[in-house]
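Novice: Mind having a look at this structure? Questions to follow.
Each reported figure results from applying straightforward, stated rules to the coordinates on display, with no laboratory input. Everything numeric in this text was worked out from a predicted model, so none of it was measured. Here the Cβ is made from the backbone with ideal geometry for all residues, glycine too, and neighbour counts use every protein chain on show.
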Amino acid sequence: MAETGNPEMTRRQFGRAALALGTAAALPGWLRAQQNAAPAASVSVSGPDSLRAHAAARGLLYGTAVNPALLDVDGVAAGNASDGYTLLIKEQAGIVVAEGAMKWAALRPGPSIFDFTMADKLMRFAGLAGQRVRGHNLCWHEALPSWFKSTVNESNARTHLTQHIQAVAGRYRGQIHSWDVVNEAINPGDGRPDGLRKTPWLELIGPDYIELAFRTAADADPHARLTYNDYGIELDTPEQTRKRELVLQLLRRFKDNRVPIHAVGVQSHIQADGPQPGAGLQRFIHEAARMGLEVYVTEMDVNTRSVAGGPEAQDAAVAQVYRDYLSIVLAEPNVPIALTWGITDAHSWLNEINEPWAKRQDGSLQRPLPFNDDLKPTPAFLALRAALDSAPPRRKRRSGRE
Ligand code: G3I
């Protein structure tokens, strides 16, 4: 695509420089305007045209991960919020999840200290906006607080895990749609026959830490749907096929041991130009249904790291993935919700993480979500909304686990 704009510096050069600065804000108006000029930018997204309304019309929930620190909750309560991010989340999401605010690192400044400030802020926002809330997450090997390694050991790990779950899930008892009780516990690469990832929890408690977490969560909040959440189980590649099988083995063990579990989360972080999901994912969803489990799209976004071309080409590739992927999963009656991992490119983890697999060669920012970094709808918004419209209607859900 011909380079246009500022003669002193091509978009490619400036994008690389801006990325080196680690912020989208460094991009000047002429570059951001070019990067964000998408045909979708002029469509109506409000009220009946929102993702929230289109999902609800089919008995589905669409939602997004949220950073509560960015929300103007007092403004929403007073009816005079004007912050774009706050209004976008309020209008587009029927369900929200904290991107970080309900993780151990955020909640646990000390071994006997809880800080619920940001988690409570999200709960207040969701209450004002009439939204459901996903809890994420009660047990993970990442986002552990700095004191964890020096404090938690084989003799007290069970107590730390159960007391954390009792305090956190107990605090929001009856207010949570579903909890990601255990996150990413399967890793075939660690070589165990059961496929379990070698995490501090496994090493300190043993394989039954997962069952312990689920049983503790069920006691703490009998109303929340309890979810096992993982990534890299979407594609028909040999690795992901193997990982899906190991996740199904875990779920079957749960069902045989009558472990309280209600859903499996498929994170759905998809590469725009890689292999695309298909029959393997469909079979997985059908197998989950046979076990009486719902399947949630919990963290969808589309990585455009190696998509050739400019913004228009990237946006077209991203929209295609949303269209194709969601048409597969939302066709299944046991898939009632779909969340994106963020709603605007301005706050995507893919533009914040300093990893080669997230960095575009041309230095430009990733464009993984339904709204660009000017909070304008992208072709992905249209594709996501169309996929919601094409989904078979779901019967109205009662509250709780029914
Ligand atoms: O809050 C601190 C801040 O005080 C500090 O100055 C800054 C620099 O060190 O770090 C900030 O914490 C960061 C946190 O996000 C909040 O922004 C952590 O370093 C950073 O590692 C953390 O990354 C998050 C990551 O999970 C690990 O918790 C990403 O934003 C988040 O998108 C990502 O989400 C995960 C899901 O939870 C599970 N599935 C995969 C997904 C993507 O990795």
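Novice: Hey, does region 91-105 have a residue that's surrounded by fewer than 16 Cβ atoms within 10 Å (Cβ to Cβ) and not β-branched (Val, Ile, Thr)? Walk me through it before giving the result.
Specialist: Of the residues in region 91-105, the ones surrounded by fewer than 16 Cβ atoms within 10 Å (Cβ to Cβ) are 105.
This time we only want the ones that are not β-branched (Val, Ile, Thr), so: 105.
Yes, some residue in region 91-105 is surrounded by fewer than 16 Cβ atoms within 10 Å (Cβ to Cβ) and not β-branched (Val, Ile, Thr).
Novice: Looking for whichever is within 16 Å of the ligand (Cβ to nearest atom) and surrounded by 23 or more Cβ atoms within 10 Å (Cβ to Cβ) here; the options are ALA346, ALA319, ALA338. Which one fits? Walk me through it before giving the result.
Specialist: Working: ALA346 fails: surrounded by 23 or more Cβ atoms within 10 Å (Cβ to Cβ); ALA319 fails: within 16 Å of the ligand (Cβ to nearest atom).
Only one candidate passes the filter, namely ALA338.
Novice: Only residues in region 216-237 that are farther than 15 Å from GLN282 by Cα count as the first member; pair them with residues that are away from the ligand (no atom under 16 Å from the Cβ) and among the polar types (S, T, N, Q), Cβ under 6 angstrom, at least 6 apart or cross-chain, and list the lot.
Specialist: Close Cβ pairs satisfying both conditions: THR216/THR162; ALA220/GLN166.
Novice: If you check GLN314 against the conditions, is it more than 15 Å from the ligand (Cβ to nearest atom), part of a loop (DSSP other than H, G, I, E, B), farther than 17 Å from ARG225 by Cα and touching a residue at least 24 places away in the same chain (Cβ under 8 Å)?
Specialist: Working: more than 15 Å from the ligand (Cβ to nearest atom): yes; part of a loop (DSSP other than H, G, I, E, B): no; farther than 17 Å from ARG225 by Cα: yes; touching a residue at least 24 places away in the same chain (Cβ under 8 Å): yes.
Here the answer is no, as GLN314 does not meet what is asked.
Novice: So is VAL168 within 16 Å of the ligand (Cβ to nearest atom), touching a Cys at 6+ places or on another chain (Cβ under 6 Å) and touching a residue at least 24 places away in the same chain (Cβ under 8 Å) or not? Spell out the reasoning first.
Specialist: Details: within 16 Å of the ligand (Cβ to nearest atom): yes; touching a Cys at 6+ places or on another chain (Cβ under 6 Å): no; touching a residue at least 24 places away in the same chain (Cβ under 8 Å): yes.
Here the answer is no, as VAL168 does not meet what is asked.
Novice: Right, here's the next one. Condition first: crowded, with 21+ Cβ neighbours inside 10 Å, more than 16 Å from the ligand (Cβ to nearest atom) and closer than 11 Å to THR304 by Cα. Now tell me which residues in region 266-283 satisfy that.
Specialist: Here is the first cut: in region 266-283, the ones crowded, with 21+ Cβ neighbours inside 10 Å are 266-268, 270, 272, 277, 281.
Narrowing further to those that are more than 16 Å from the ligand (Cβ to nearest atom): 272, 277, 281.
ALA272, the sole residue that qualifies.
Novice: Could you please find all residues in region 349-362 being more than 13 Å from the ligand (Cβ to nearest atom) and either at positive phi or in contact (Cβ under 8 Å) with a residue 24 or more places away in the chain (or both)?
Specialist: Kept after step one, since they are more than 13 Å from the ligand (Cβ to nearest atom), are these residues of region 349-362: 356, 359-362.
Those that are more than 13 Å from the ligand (Cβ to nearest atom) and either at positive phi or in contact (Cβ under 8 Å) with a residue 24 or more places away in the chain (or both): LYS359, ARG360, GLN361, ASP362.
Novice: If you scan region 85-133, which residues turn out to be under 17 Å from the mean Cα position of the chain (by Cα), within 13 Å of the ligand (Cβ to nearest atom) and part of a loop (DSSP other than H, G, I, E, B)?
Specialist: GLU99, GLY100, ALA101, MET102, LYS103
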